[in-house]
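Undergrad: After the structure tokens below, expect a handful of questions from me.
Values in this text are rule-based calculations from the coordinates and carry no lab data. Bear in mind that the values here come from a model prediction, so they are computed numbers and not experimental data. Heads up, the Cβs are rebuilt from the backbone with ideal geometry, glycines too, and the neighbour counts pull from every protein chain shown.
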Amino acid sequence: MVSTHALFELLVGLHIATGTIGLVTVWIPIAGKKGGPTHRRVGTVFMQSMLATGFTAVAISMTTLSDPTGTHPHLVDHPIFADPQVITNIFGWMMLYLATLTINLAWQGWLSLRNGKDHFKNRAWHNLLSQALLTGVSANCLIRGFSATEPMMMGISMVGFATVGTNLWFIYKPNPLPTDRIKEHIKCLVGAGISVYTAFFAFGAVRLLPKLALQPGLWAVPLIVGLALIIYHQRAVTRPNGRKWRIA
């Protein structure tokens, strides 16, 4: 029988592989020509890598929840993570939340353009279920962060609530314009990129410098850069010369 730690390491390896693809490919649609064959092909690869990264992260969080010290033996003697509950909260519950957030954003971002003018399809059961699941794990992250007096968990859970709110606003908008679909596409897929870079900086740092894992500055860098990119590209869509951005 495969041990929990061996399964954990296998999942981490898969997670790193798919996440690395996302870390690289996200920049090609962002920096390149919009709507062309390269944008579409690489964007599809990015979206698929985000889904794979998110689902492997869900599995990683489950193994952590089942055996926090067995999956993270290198943290047992670290003063910050000496209490197994801290490992459970950060690498179990918070990772589950971030994984669900990544899946949600990648899926919504893909659907927003794939469904095109057939906007009602965005209300498919699987997309609405995704909103409900993200709301649940966001609330769980907030509550557990409050119980553990962990500001990081409480603060980052707000991103999940904001994501669900803006997703539902788009999903139930009666007659969205083509620019609305593009803006939603930008918000979601750049947001997924923010999520994977956040995990790379924060959870990746724990293997090298565990004390950095809970530093707000480390978590803030991808968020600030990502939000700036979202605002810039969304504004570009509605500029007079924004026709070149109209990819749907």
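Undergrad: What list do you get for L105, L65, L113 if you sort them by fewest beta carbons within 10 Å?
TA: L65, L113, L105
Undergrad: Let me ask you something else. Among W110, W27, what is the fewest-to-most ranking by other Cβ atoms within 10 Å?
TA: Ordered by Cβ neighbours within 10 Å, fewest first: W27, W110.
Undergrad: Taking a spot 7 Å from the Cα of L133 along the direction of its beta carbon, which residues of region 50-76 have an amide N less than 16 Å from it?
TA: What the label zone holds, given the 16 Å backbone N cut-off, is 50-63.
Undergrad: Once the Cα atoms of helix 216-237 and of the chain are each reduced to a long axis, what angle between those two axes, in degrees from 0 to 90 to the nearest 10, is obtained?
TA: Approximately 10 degrees, to the nearest 10.
Undergrad: Anyone know which of H15, H74, H233 comes out most mobile in the 10 Å Cα GNM of the chain?
TA: H74
Undergrad: Rg (Å, one decimal) plus Dmax (Å, integer) for the alpha carbons of region 1-105?
TA: Taking only Cα atoms of region 1-105, I get Rg and Dmax of 16.4, 52 Å.
Undergrad: Here is a further query. Please list the three semi-axes, largest first and in whole Å, of the ellipsoid equivalent to the chain, using sqrt of 5 times the eigenvalues of its alpha carbon gyration tensor.
TA: 33, 18, 17
Undergrad: In which sequence would R114, R181 go, from the one with the fewest C-beta neighbours within 10 Å to the one with the most?
TA: Least to most surrounded, the residues fall as R114, R181.
Undergrad: Then there is this: Rounded to the nearest 500 deg cm²/dmol, what is the calculated helix-only ellipticity per residue at 222 nm for the chain, with -39500 (n - 2.57) per DSSP H run of length n ≥ 4?
TA: Here the helix-only value at 222 nm equals -25000 deg cm²/dmol.
Undergrad: For A17 and H126, what is the calculated FRET efficiency with R₀ set at 22 Å and r taken between the beta-carbons, to the nearest 0.05?
TA: After rounding to 0.05, the efficiency reads 0.30.
Undergrad: Say a paramagnetic label sat at a point 7 Å from the Cα of A236, along Cα to Cβ; which residues of region 15-35 have their backbone N under 13 Å from it?
TA: Residues 27-35 qualify, since their backbone N sits under 13 Å from the label point.
Undergrad: Is the shape of region 73-199 rounded, prolate or oblate, going by the alpha carbon gyration tensor and its root eigenvalues a ≥ b ≥ c, with a/c under 1.5 for rounded and a/b larger than b/c for prolate?
TA: Prolate shape, in that a/c is at least 1.5 and a/b is the bigger ratio.
Undergrad: Can you tell which of N115, N89, N104 shows the greatest fluctuation in a Gaussian network model of the chain with Cα springs below 10 Å?
TA: Comparing N115, N89, N104 in the GNM, the peak value goes to N115.
Undergrad: Right, here's the next one. Beyond 18 Å between alpha-carbons counts as too far, so tell me which of K34/K121; K34/K187; K33/K117; K33/K183; K117/K183 fall in that bin.
TA: Too far apart for the 18 Å limit: K34/K121; K33/K117.
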